[in-house]
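Quick notes on the structure that follows.
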Amino acid sequence: MITTADRQDRYTVFVCRHERAAVDRLRAEIDGRRVALISDHTVTRLHARRLANALADSGLEVTATSFPSGEASKSMATATSLLDWLAGTALARRDIVLAVGGGVVIDTVGWVASAYMRGVPYINVPTTLLAHVDAALGGKVAVDHATAKNLIGAFYQPKAVVSNVGYLRTLEPRQMRAGLAEVIKKGVIASPELFEFIERRHADIRAGDPATTARLVHGASVVKTSLVAKDPYELDLRRPLNFGHTIGHAVETVTGYGPILHGEAVAFGMACAARIAERRGLLDRRTRARLTNLLAAVGLPVVLDDLPVWLDVPAALGALRQIRKIRDGVLRFVLPVALGETVIADDVTEAEIRDSIMAGAAGYGRLRTG
Ligand code: NAD
């Protein structure tokens, strides 16, 4: 005898421009339940404390905590201390955990919410552009392990996402640029309209214009949620969302996750993948130039010399060789063929990868790159 069980997740992504609207939306989602608000120290000082006070002033029972900012906090140690903290609060199973912060807060708190009492509802309130357009959406929650990033985690969808682009006014320009890389990626893989919108309006976005940024975040949310809906548990590894991530991942691995921001590594990875696609005759020169020109105009790295630190190219090639070995000789590349369209290539050679990485690199001599 066989029985089957269905499982479906549905949540609203609300994008607004002011904290007032965010508070109204949060109150509707929280619906009188208790709130445990978790953030990092930086965001607490800038926004989360004020948000907690606004929710408490509206009559909700709010308890709050925070942990040190930065990737090092995305750890089992932080998760354990948050679980201890939750156990000391009056939070019950139907109450709400609120994750207020960038990707580090959202990934860590989401995972804690997935584990506490076998899962309590959580709402994401992203505060970096990367979190608005990527980390807050899709329900991939995790902490890092000494041996690998995001090693310990789950798929656990939020109850809602409340995006207030007003929080981005305090974000460093470099973090804004890194977030934009992930939106440009979404434009290339699935939405020529989004790509063209960024081409026209990237200066306004970087200047923090709230109306333009809200449109950008909404456009990116539509692309991400529709792609995730097709494969919420990432069973298919041939995912267009990985565009730029093959070489990007190698760059982050050999530079130690920190000196090069994730978005910067992805931007460089996209530029390399586009060069491979052009050389294979899959992507026309004009479209390849549009992509690299947009990345460069935003201030993102497209050639080696643009990277903020020296890249050990042989080590990066070695990291890719290692991935190929682990995956039974298959290294997957998402290659763009037009705006909004990609193909997956399993047969990209090491020579193609090296050429794409070295293209236009004036400051890297032959001897130093091996
Ligand atoms: P982050 O959370 O570390 O934030 C970057 C810095 O900006 C931190 O110092 C933070 O305190 C500060 N900050 C946050 N909001 C601010 C604001 N409004 N004003 C001023 N400073 C602010 O980094 P991130 O780039 O947001 O996220 C990176 C993490 O996200 C990585 O761990 C990555 O693995 C994860 N991520 C997850 C997904 C996913 O699908 N779950 C997707 C992409 C990235």
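Tabulated values for the structure
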{"quantity": "Residue ID - farthest from the ligand (Cβ to nearest atom), chosen from residues in region 31-58 that are over 17 Å from residue 113 (Cα atoms) and open to solvent by 70 Å² or more (accessible area, probe 1.4 Å)", "calculated": "31"}
{"quantity": "Within region 59-86, tally of residues that are part of a loop (DSSP other than H, G, I, E, B), open to solvent by 40 Å² or more (accessible area, probe 1.4 Å) and of a type in the set (Gly, Ala, Ser)", "calculated": "2"}
{"quantity": "Of the criteria (1) within 13 Å of the ligand (Cβ to nearest atom); (2) closer than 22 Å to residue 194 by Cβ, which one residue 269 fails", "calculated": "(1)"}
{"quantity": "Test: residue in region 20-30 that is in contact (Cβ under 8 Å) with a residue 12 or more places away in the chain and either within 15 Å of the ligand (Cβ to nearest atom) or closer than 28 Å to residue 151 by Cβ (or both)", "calculated": "yes"}
{"quantity": "Filter result (open to solvent by 40 Å² or more (accessible area, probe 1.4 Å) and away from the ligand (no atom under 11 Å from the Cβ)) within region 119-159", "calculated": "145, 146, 147, 151, 152, 159"}
{"quantity": "Single match in 331, 339 (criterion: open to solvent by less than 60 Å² (accessible area, probe 1.4 Å) and either at pLDDT 95 or above or small (Gly, Ala, Ser) (or both))", "calculated": "339"}
{"quantity": "Filter result (assigned to a helix (DSSP H, G or I) and free of Cβ contacts under 8 Å to residues at least 24 places away in the same chain) within region 253-284", "calculated": "265, 278"}
{"quantity": "Total residues in region 226-252, condition buried (at least 23 other Cβ atoms within 10 Å of the Cβ) and not in a helix (DSSP H, G or I)", "calculated": "2"}
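The values are calculated or read from the model by the stated rules, or taken from the named source; none is laboratory data. None of the values given here were measured: they were computed from a predicted structure. Backbone-built Cβ (ideal geometry, glycine too); neighbour counts: all protein chains shown. Just the protein is used for accessible areas: all its heavy atoms, side chains included, with ligands, DNA and RNA removed. Shrake-Rupley method; radii C 1.70, N 1.55, O 1.52, S 1.80 Å.
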